[in-house]
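Only one structure is covered here, and it is reproduced in the block below.
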Amino acid sequence: MIKASAVNKYFGDLHVLREITLEVPRGQVVVVLGPSGSGKSTLCRAINRLEPINSGEIAVDGVPLPAEGKALAALRADVGMVFQSFNLFAHKTIVENVMLAPVKVRKTPQAEARKTAMELLERVGIANQADKYPAQLSGGQQQRVAIARALAMRPKVMLFDEPTSALDPEMVQEVLDVMTGLAKDGMTMLVVTHEMGFARRAADRVIFMADGEIVEDTTPEEFFTAPKSERAKDFLGKIL
Ligand code: ATP
Ligand code: MG
């Protein structure tokens, strides 16, 4: 579903993605771990073409990432992304936030978009907040809206970049629960997170990055119990 081959990315002299080769089959949940600055966010952004790459190829569902125009818009619609900050539209209600992209980008009729939006809000457990504004919701609720909004485009892949890092501790689990539900429903997911419990329970696979490279690519079981590289051992020693 996601296929990256020999991807390289530089910021000036800084080589932030080094020969990244990665294949994520349909329905697989991949958790990306690694120290700060290892290139995790850049990888997500490259997959979504928010960040151009210097060499290599990235394809989503067999379609090589096009550089611009309508093809790029279509590709972005296929790849849902959820960031640390929720970035909801403050002056639109919750349900309007979820309806917006389907109406604007997919030209979905209002009534249909609203119906789908309500179903998605139901799924993330906040249908009863549909007519409120983002500022009236907790961080955890806003992040669940952000997930519903991404799902509204019916993406083939969901990318999560530290979706719970900005949340108060008591709100982390409700967001992880929504993500776990998505994983169980068969969504293809790439998740950058520091939530090791989620990685252990929900991931089919763990990718450990350091200095722009994929250093380990294995099962959660193996990664957490028998990491091979010194860098992974060091990382686990610091966080566990
Ligand atoms: P964190 O865990 O802190 O989020 P990360 O693994 O997501 O880190 P990236 O954000 O992908 O790391 O950054 C990788 C490297 O690229 C870092 O050294 C960072 O400083 C650098 N970098 C990221 N974005 C830019 C940019 N727009 N311009 C220049 N350098 C950048
Ligand atoms: Mg990051």
> Got a sec? Charge dipole of the stretch 1-151, +1 on Cβ for Lys and Arg, -1 for Asp and Glu; which of Tyr10, Val98, Gly27 is way out at the positive end?
Replying inline: Val98
>> Could you work out what % of the accessible surface of the chain is carbon and sulfur, using a 1.4 angstrom probe and leaving DNA, RNA and ligands out of the count?
In response: 49 percent
> If the label point is 7 Å along Cα→Cβ of Asp234, which residues in the stretch 13-39 have backbone nitrogen under 11 Å from it?
Replying inline: 35
> Which cross-chain or sequence-distant (5 or more) residues have an amide H under 5 Å from the amide H of Ala210, H modelled 1.01 Å from N in plane?
Replying inline: Val215
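Would you mind classifying the stretch 29-169 by shape? Square roots of the alpha carbon gyration tensor eigenvalues, ordered a ≥ b ≥ c; an a/c under 1.5 is rounded, otherwise it is prolate if a/b is larger than b/c and oblate if not.
Values: a/c = 2.34, a/b = 1.32, b/c = 1.78.
Note, shape of the stretch 29-169 comes out oblate.
Starting from the stretch 1-71, pick out the GluC sites (Glu not before Pro) whose DSSP state is loop and whose Cβ has at most 11 other Cβ atoms within 10 Å.
Numbers: sites: Glu19, Glu23, Glu57, Glu68; in loops: Glu68.
Hits after loop and neighbour filter: Glu68.
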> Order of 24-30, 81-87 by packing, highest average Cβ count within 10 Å first?
Replying inline: 81-87, 24-30
> What net charge do the residues around Gly212 carry, taking every other residue with its C-beta under 11 Å from that of Gly212, with Lys and Arg at +1 and Asp and Glu at -1?
Replying inline: 0
> Under the classification rounded if a/c is under 1.5, otherwise prolate if a/b is larger than b/c and oblate if not, where does the stretch 111-185 fall, given a ≥ b ≥ c as square roots of the Cα gyration tensor eigenvalues?
Replying inline: oblate
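Using 1/(1 + (r/R0)^6) with R0 = 30 angstrom and r between the beta carbons of Ser36 and Lys184, what's the FRET efficiency to the nearest 0.05?
Numbers: r = 30 Å, r/R0 = 1.00.
Once the sixth-power term is evaluated, E becomes 0.50.
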> Across the stretch 113-121, in residue order, what do the Karplus-derived ³J(HN,Hα) couplings come to in whole Hz, using 6.51 cos²θ - 1.76 cosθ + 1.60 with θ = phi - 60° and x for Gly and Pro?
Replying inline: 4, 5, 4, 4, 4, 5, 4, 5, 5
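If each DSSP helix of 4+ residues adds -39,500 (n - 2.57) and the sum is divided by the residues in the chain, what number results at 222 nm, nearest 500 deg cm²/dmol?
Values: 9 runs with 95 residues, N = 240.
Per the formula, -12000 deg cm²/dmol.
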> Residue-wise, which Karplus ³J(HN,Hα) couplings in Hz belong to the stretch 167-183, taking 6.51 cos²θ - 1.76 cosθ + 1.60, θ = phi - 60°, and x for glycine or proline?
Replying inline: 9, 5, x, 6, 9, 5, 5, 5, 6, 4, 5, 4, 5, 5, x, 4, 4
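Once you list every other residue whose beta carbon is under 10 Å from the beta carbon of Arg123, what net charge do they have if Lys and Arg are +1 and Asp and Glu are -1?
Working: positive: Arg144; negative: Glu119, Glu122, Asp185.
That sum, taken over residues with Cβ under 10 Å, equals -2.
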> Taking H as built 1.01 Å from N, whose amide H comes closer than 5 Å to the amide H of Thr193, not counting residues under 5 places away?
Replying inline: Val32, Glu162
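Once you have a ≥ b ≥ c as the square roots of the Cα gyration tensor eigenvalues for the stretch 148-188, tell me rounded if a/c is under 1.5, and otherwise prolate or oblate according to whether a/b is larger than b/c. The partial results should precede the final answer.
Values: a/c = 2.32, a/b = 1.73, b/c = 1.34.
Here the stretch 148-188 falls in the prolate category.
Over the chain, give the accessible area per residue in Å² for a 1.4 Å probe, as an integer.
Numbers: 11360 Å² over 240 residues.
Value for the chain: 47 Å² per residue.
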> Which ³J(HN,Hα) values in Hz, rounded to whole numbers, follow from the phi angles of the stretch 210-224 under the Karplus curve 6.51 cos²θ - 1.76 cosθ + 1.60, where θ = phi - 60° and Gly and Pro get x?
Replying inline: 8, 6, x, 10, 7, 9, 9, 8, 7, 7, x, 3, 5, 4, 7
>> Out of all DSSP beta bridges in the chain, what portion is antiparallel? Express it as a percent rounded to 5.
In response: 55 percent
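The values are calculated or read from the model by the stated rules, or taken from the named source; none is laboratory data. All values derive from a computational prediction rather than experimental measurement. Cβ: placed from backbone, ideal geometry, glycine included. Neighbour counts: every protein chain shown. Accessible surface areas use protein heavy atoms only, side chains included; no ligands, DNA or RNA. Shrake-Rupley method; radii C 1.70, N 1.55, O 1.52, S 1.80 Å.
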